[in-house]
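Presented below is the structure to which this report refers.
The values are calculated or read from the model by the stated rules, or taken from the named source; none is laboratory data. All values reported here derive from a predicted model rather than from experimental measurement. Cβ coordinates were reconstructed from backbone atoms using ideal geometry, including for glycine residues, and neighbour counts include every protein chain displayed.
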Amino acid sequence: MHHGVTENGLAEDTAVTVEQLSLSSIPILPRSRTAIPNLGFTRSHHRMDVVNHDQFQAWNGAEGAAWAKPPKQGENRGSTETCQRLIAIAGIGPEDRVLDIGCGTGTTTLLAARQATDGSAVGVDLSAPMLRQARLAATAAGIGNAVFEQADAQIHPFPDGAFDVAISMYGVMFFADPVAAFANIGRALRPGGRLAAVCPQPPEECAWYVIPVAALLGVPPAPREVVARYPGDRPAMFSLSDPARLRDVLVRAGFADASVEPARVPLNFGRTADEAAEALLASGPARYLVEQDELLSWGEAQARLEAALKPYESSAGVLLPGAQWLVTAHAPGSLGKRRQPS
Ligand SMILES: C[S@@+](CC[C@H](N)C(=O)[O-])C[C@H]1O[C@@H](n2cnc3c(N)ncnc32)[C@H](O)[C@@H]1O
């Protein structure tokens, strides 16, 4: 069942409506000749439908707020190189209309918009605080062919075939029903349109996740045990980390010629272990773990993280190993055929 929620609030099943930002609310004139697809977000009273409620709550609460904070100087959360890898595999052409799923604060959306010089990029995300940050970043960078909208990508009624390319950086693992979500994204692509996504490999390859979580749980950094001991529901982060499952989800969602290639890019949490510990403690998952443990004080949590991260300090920052899947696939239809310029 779909529930209505407001852009800022968490109310469900209410008749409250909010005025959504219109596509023309970005104050810089688009450079593009191609119109930005109208997603049904034009200035009107609009109720957003959400099926991924837990994710909506998480990304609009402490976790969203922590991610929305601009990174400190020197901290890039390890994503710069991965973002560039994503953009490279997406093969974005100058006239492409790009959809960025789970765009967060918009880093990849803006990179895509720069490639689509005569096209456009639309970033969608559940998180209002992150979208606000994304809009500010677009304005600061003077990028006029990118817009950001709040939507649950699993069910949002994107117009059929409105996009040439869909991209996602760590944004596709959180769907309650991944087959439905990818099918919805496939429907938003033109026939033969391209999907490019990055998601994490299994926890054994992701010390960036296992080391801090193990430290906070007070258990040895044994990947499977750490994931199993995570309180509450199994973390969604690794839901697509098995490449066979990933391919199966894509095929069941109607995508063709799925390719899943490995990459190995470490994550950078800060300049020093104490800064990295502080940054992690501001993030949703770490806060959640501290709040779950009545016996763990914030000071003790900071000390445990610092000790666990110390061995990873380097002149380039606190670098923790990470491995990713670089995923590409095509929506059904004639492969690779680009839309004719209008
Ligand atoms: C790990 S963050 C990645 C954000 C960004 N792509 C980046 O690399 O910094 C995951 C993002 O996916 C978004 N997300 C999760 N489920 C979603 C859904 N069903 N629809 C839209 N966005 C979703 C979250 O709000 C969050 O911003």
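When residues in region 158-201 are screened for being within 16 Å of residue 259 (Cα to Cα) and assigned to a loop (DSSP other than H, G, I, E, B), 2 of them pass. For region 163-177, filtered to residues that are under 12 Å from residue 108 (Cβ atoms), near the ligand (Cβ under 8 Å from one of its atoms) and of a type outside the set (Ser, Thr, Tyr), the residue that is surrounded by the fewest Cβ atoms within 10 Å (Cβ to Cβ) is 171. Just one of the listed residues (78, 93) is modelled with pLDDT of 95 or more and among the small types (Gly, Ala, Ser), and it is 93.
Only one entry in 233, 160 is over 21 Å from residue 328 (Cβ atoms), exposed (fewer than 15 other Cβ atoms within 10 Å of the Cβ) and within 15 Å of the ligand (Cβ to nearest atom), namely 233. Cβ separations smaller than 7 Å between residues 6+ apart or across chains give the following pairs from region 188-205 residues that are closer than 28 Å to residue 225 by Cβ to residues that are aromatic (Phe, Trp, Tyr) and assigned to a helix (DSSP H, G or I): 200/238; 202/238; 203/209; 203/238. Selection of region 312-333 for residues being outside any strand (DSSP E or B), surrounded by fewer than 20 Cβ atoms within 10 Å (Cβ to Cβ) and touching a helix residue (DSSP H, G or I) at 6+ places or on another chain (Cβ under 8 Å) yields 321, 323, 332. Residues of region 124-135 include none that is closer than 18 Å to residue 327 by Cα, of a type in the set (Gly, Ala, Ser) and within 11 Å of the ligand (Cβ to nearest atom).
Identify the residue in region 178-197 that is over 15 Å from residue 52 (Cβ atoms) and under 15 Å from the mean Cα position of the chain (by Cα) and, among all such residues, is farthest from the ligand (Cβ to nearest atom). Checked region 178-197; the qualifying residue farthest from the ligand (Cβ to nearest atom) is 195.
Looking only at residues of region 99-111 that are assigned to a helix (DSSP H, G or I) and touching a Ser or Thr at 6+ places or on another chain (Cβ under 9 Å), we find that the one that is farthest from residue 159 (Cα to Cα) is 107. Could you count how many residues in region 122-150 are buried (at least 24 other Cβ atoms within 10 Å of the Cβ) and not in a helix (DSSP H, G or I)? Qualifying residue count, region 122-150: 11. Being aliphatic (A, V, I, L, M), out of contact with any Asp or Glu (no Cβ under 9 Å at 6 or more places or on another chain) and free of Cβ contacts under 8 Å to residues at least 60 places away in the same chain is a property that residue 320 lacks.
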